[in-house]
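Engineer: One structure coming up, written as structure tokens, with questions to follow.
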Amino acid sequence: MHRLTKAQARRIAVRAQLLDAPRPTDLLTVVRQLTLLQIDPTAAIAPSADLVAWSRLGSTYQPAHLTQALEQDRTLFEHNALVRPMSDLGLYLADAAEWPSYETTREWIRANDRFRRDILKLLRSSGPLTSRDVPDTCVVPWASTGWTNNRNVTQMLEFLMMRGEIAISGRVGRERVWDLAERVYPADVVVPSVDEADRLKNERRLAALGIARQKTAKMPMEPADVGEAGEPAVVEGTKGDWRVDPAALNDDFEGRTALLSPFDRLIHDRVRAEELFDFEYTLEMYKPAAQRRWGYFALPILHHDRLVGKVDAKADRKASVLQVNAIHEDVKFTRTMTKAVQAELEDLASWLGLSAIEPAKGR
């Protein structure tokens, strides 16, 4: 049983997420370590995948690097709204034959098997294609109380992706381009058993997080727990046991300042962020403006091994300015912290191609 102080636990988490110094130097190294970049179209500042990469790599990173890795080099792949390293592909194909687990979805796919075969035939002869290029030949429409109701082509494409039959070949703007999996994925991919894939995914996730719970509440997109991976640990001031990556038990730490995406894995598990960093955060873009405490797309501020505040900012591309509405200090900033945050804002504005930083009108 490892016994850790909160400071040690925080530093393990920060190092695992490549947010210490010195910075990594290439995108593939970053994604292999983080295991994923989440795709989210919100671009109040920049799309989250790009913002996460910038937080690690700085202005040497350009969104074109991600496009090249996905569409030309094929060192990364997009799957279920996440970008992952192609070296992990087998882990996500392991249970493809058993997907989906819900019988209602299985029934819909069975009822529309001719529709499924029509799509595969069309892609083989004419792919890659966007969803608007695929005719809807379903027999039983997809029924939902949400926005997917009767979106039969989109649903079937999603399902065929999850079954490993097709893959995302690229994007045209925000629109995905689909093709047969055999044309996108390498032919020599090794697919482990489901149990082995689950074990390896837990190990990979723990390496990316550094320290995590064995079991947590279910999270959207990607779990936050790691099962039996790693070794047991206790952290002062927190209840219960943790799992820690033994390779991360290193006292060497050189911190830096970073502005994080609201979807950044360092703070994605809000419970862990409060337990280890005493950091409260909620993404408020879905709240009415009057109910927001920190802002529409507030960026958490990391300073060394502490999460110290949030920046409420927006990229005004028409005016070519990074509009900073507020800098919320969870702790009183020192002069050094203020200068470091300002330097990150300047780098962010430069990376975005904006010519100035300015406070919002009336502030």
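Engineer: How are the Cα pair distances of the range 203-251 distributed, in percent, across 10 Å bins from 0?
Structural biologist: The distribution over the range 203-251 is 28, 54, 17, 1, given as percents.
Engineer: If you don't mind, there's one more thing I want to ask. Measure out, as a whole number of angstrom, how far apart the alpha-carbon centroids of the range 302-363 and the range 46-122 sit.
Structural biologist: After rounding, the separation between the Cα centres reads 32 Å.
Engineer: For the chain, find the longest principal axis of its Cα atoms and tell me its angle to the long axis of helix 6-16, 0 to 90°, nearest 10.
Structural biologist: 50
Engineer: A follow-up question, please. Rounded to whole Å and sorted largest first, what semi-axes of the equivalent ellipsoid does the C-alpha gyration tensor of the range 157-248 yield via the square root of 5 times each eigenvalue? Write out the running numbers ahead of the final one.
Structural biologist: Working: eigenvalues 233, 49, 26 Å².
Value: 34, 16, 11 Å, ordered largest first.
Engineer: Excluding GLU196 itself, what net charge comes from residues whose Cβ is under 12 Å from its Cβ, given Lys and Arg +1 and Asp and Glu -1? All intermediate terms of the calculation are to be shown ahead of the outcome.
Structural biologist: Values: positive: ARG199, LYS201; negative: ASP95, ASP195, ASP198, GLU203.
Taking every Cβ under 12 Å from that of GLU196, the sum is -2.
Engineer: Out of the range 142-200, which GluC sites (Glu not before Pro) are coil in DSSP terms and have no more than 15 other C-beta atoms within 10 Å?
Structural biologist: On the way: sites: GLU158, GLU165, GLU175, GLU182, GLU196; in loops: GLU165.
Here no loop site has a sparse enough neighbourhood.
Engineer: Amide H to amide H, which residues 5 or more places from GLU165 or on other chains are under 5 Å from it, using H placed in the peptide plane?
Structural biologist: none
Engineer: Turning to a different aspect of this structure: In degrees between 0 and 90, to the nearest 10, how far off the longest principal axis of the chain does helix 113-126 point, with axes built from Cα atoms?
Structural biologist: Computed tilt is about 80 degrees.
Engineer: Can I ask one more? Positive end of the charge dipole of the range 154-247 (Lys, Arg +1 and Asp, Glu -1 on Cβ, about the Cα centre): tell me which of ALA229, VAL190, TRP242 has its Cα farthest that way.
Structural biologist: Comparing the listed Cα positions along the dipole, TRP242 ranks first.
Engineer: Roughly what % of Cα-Cα distances in the range 277-361 sit above 15 Å, to the whole percent? Write down the numbers at each step before the final one.
Structural biologist: Numbers: 2125 of 3570 pairs.
When every Cα pair of the range 277-361 is considered, 60 percent fall beyond 15 Å.
Engineer: Under 18 Å between alpha carbons, and skipping anything fewer than 8 positions from LYS6 in its own chain: which lysines qualify?
Structural biologist: Here the lysines satisfying the reach criterion relative to LYS6 are LYS239.
Engineer: Could I ask something else about it? Could you work out how far helix 152-162 tilts from the main Cα principal axis of the chain, as a 0 to 90 degree angle to the nearest 10?
Structural biologist: Approximately 70 degrees, to the nearest 10.
Engineer: Ignoring any ligand, DNA or RNA, what whole percent of the accessible area of the chain comes from carbon and sulfur when the probe is 1.4 angstrom?
Structural biologist: Working: 8690 of 17500 Å².
Ligands and nucleic acids excluded, carbon and sulfur give 50 percent.
Engineer: Quote the charge dipole size of the chain about the Cα centre in Debye, to the nearest 20; the model charges only the Cβ of Lys and Arg (+1) and of Asp and Glu (-1).
Structural biologist: Working: 50 positive and 52 negative charges, 181 e Å.
So the magnitude is around 880 debye.
Engineer: Sticking with this structure for a sec: Tell me the mean residue ellipticity at 222 nm calculated for the chain from its helices only (DSSP H runs of n ≥ 4, each -39500 (n - 2.57), averaged over every residue, nearest 500). Walk me through the numbers before you get to the answer.
Structural biologist: Details: 13 runs with 126 residues, N = 363.
Theoretical 222 nm ellipticity from helices: -10000 deg cm²/dmol.
Engineer: In the neighborhood of ARG171, defined by Cβ-to-Cβ distances under 9 Å, what is the net charge if each Lys or Arg adds +1 and each Asp or Glu adds -1?
Structural biologist: On the way: positive: ARG174, ARG176; negative: GLU71, GLU78, GLU175.
Here the count lands on -1.
Engineer: Sum up the charges of everything whose Cβ sits under 13 Å from the Cβ of ARG132, counting Lys and Arg as +1 and Asp and Glu as -1, but leave ARG132 out.
Structural biologist: Numbers: positive: ARG151, ARG174, ARG176; negative: ASP133, ASP136, GLU175.
After counting each charged neighbour, the total is 0.
Engineer: Related question: Using +1 on the beta carbon of Lys and Arg, -1 on that of Asp and Glu, and nothing else charged, what's the dipole of the range 218-258 about the Cα centre, debye to 20? Intermediate values should be presented prior to the final figure.
Structural biologist: Working: 4 positive and 10 negative charges, 51 e Å.
Charge dipole of the range 218-258: 240 debye, to the nearest 20.
Engineer: Send over a whole-number figure in Å² for the accessible area per residue of the chain, probe 1.4 Å. Spell out each step's value before the answer.
Structural biologist: Numbers: 17500 Å² over 363 residues.
Roughly 48 Å² per residue, with all protein chains present.
Engineer: For the range 329-343, what does the Karplus curve 6.51 cos²θ - 1.76 cosθ + 1.60, with θ = phi - 60°, yield as ³J(HN,Hα) per residue in whole Hz, taken in order and with x for Gly and Pro?
Structural biologist: Each residue's phi maps through the Karplus curve to give 9, 6, 10, 5, 6, 7, 4, 5, 5, 4, 5, 5, 5, 4, 5 Hz.
Engineer: Show which lysines lie in cross-link reach of LYS201 when reach means a straight Cα distance below 23 angstrom and same-chain residues fewer than eight apart are skipped.
Structural biologist: LYS215, LYS218
The values are calculated or read from the model by the stated rules, or taken from the named source; none is laboratory data. Please read these numbers as outputs of a predicted model, since none were measured by experiment. Backbone-built Cβ (ideal geometry, glycine too); neighbour counts: all protein chains shown. These area figures cover heavy atoms from the full protein model, side chains too; ligands, DNA and RNA do not enter into them. Shrake-Rupley method; radii C 1.70, N 1.55, O 1.52, S 1.80 Å.
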